Amino acid sequence: MEIISAEYLKSSANYTQCPAPDKPEYAFIGRSNVGKSSLLNMLCNKRALAKISSAPGKTQLINHFIINVPAIIKKNSFFWYLVDLPGYGYAKVSQKQRKSWSKMIEDYILKRPNLGNLFVLIDSRHEPQKIDIEFINQLGEWQIPFSIVFTKADKNKPGATVRNVELFIDELKNDWEEVPAYFVTSAVERTGREEMLLLIHALNEEFKRLK
């Protein structure tokens, strides 16, 4: 899928302030410092689309970007939203702020009617973390469509990435009869980009069919 343009649209403090739900959207979430901004920039082929920071907890609002891609009919184009959500887990903020973020994220996930897929980012450098497993299991209970994205594959030796991904998937099998779809990515090497965009394209077509 070719992306014609990708532009920042707006930031919202809660789901009621988000743009009208008249376009499909795909949200990205993960623990702080998981490489979310780098992945978003790589997907959209735009280096400075999402701001990259070494400080955990930098994203504090629901950030919408509007993406323009060619439609099946060449004369037209099709727009969809990419959404950058605050990270969960560690961040140097107050307990009150963490609770506020959790409420904002939960409301968005449960109440945004045009959410086509939630991409849950997992740092492939680490063995399975309890907080990630718990978050994914919660999505299962809520019956939210999601995929797993293992990030920073270039930061490992290939064997270490394979081992950590397999350990994570094995951990999920304790609670899941069918393992959710997953991608292994590197923002540096641009791996996983085409596969993720193919999924988004298919979901866009489904959205148009049902509209």
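Could you tell me which numbered condition ILE131 fails, if it satisfies all but one of (1) more than 18 Å from the chain's Cα centre (by Cα); (2) modelled with pLDDT under 95? Condition not satisfied by ILE131: (1). Does the stretch 70-84 contain any residue that is modelled with pLDDT under 95, crowded, with 19+ Cβ neighbours inside 10 Å and among the aliphatic types (A, V, I, L, M)? No, because not a single residue in the stretch 70-84 is modelled with pLDDT under 95, crowded, with 19+ Cβ neighbours inside 10 Å and among the aliphatic types (A, V, I, L, M). Any idea how many residues of the stretch 10-54 are more than 23 Å from ARG112 (Cα to Cα) and either among the basic types (Lys, Arg) or loosely packed, with under 14 Cβ neighbours inside 10 Å (or both)? Selection size over the stretch 10-54: 7. So for the stretch 3-11 (the condition being of a type in the set (Val, Ile, Thr) and closer than 16 Å to VAL184 by Cα), does at least one residue qualify? Scanning the stretch 3-11 turns up no residue that is of a type in the set (Val, Ile, Thr) and closer than 16 Å to VAL184 by Cα. Evaluating GLU106 against the criteria (1) surrounded by 14 or more Cβ atoms within 10 Å (Cβ to Cβ); (2) within 16 Å of the chain's Cα centre (by Cα) leaves one unmet condition, (1). Going through the stretch 114-151 one residue at a time, which ones are hydroxyl-bearing (Ser, Thr, Tyr) and in contact with an Asp or Glu (Cβ under 9 Å, 6 or more places away or on another chain)? Listed by number, the list holds a single entry, THR151.
Look at (1) at pLDDT below 95; (2) part of a strand (DSSP E or B) and you find that PHE183 fails only one, number (1). Looking across ASP123, ASP170, one residue alone is modelled with pLDDT of 95 or more and either out of contact with any strand residue (DSSP E or B) (no Cβ under 7 Å at 6 or more places or on another chain) or over 20 Å from LEU39 (Cβ atoms) (or both). It is ASP170.
The values are calculated or read from the model by the stated rules, or taken from the named source; none is laboratory data. Here the structure is a predicted model, which is why all the values come from computation and not from measurement. So basically every Cβ, Gly included, is an ideal-geometry build from the backbone, and we count neighbours across all protein chains shown.
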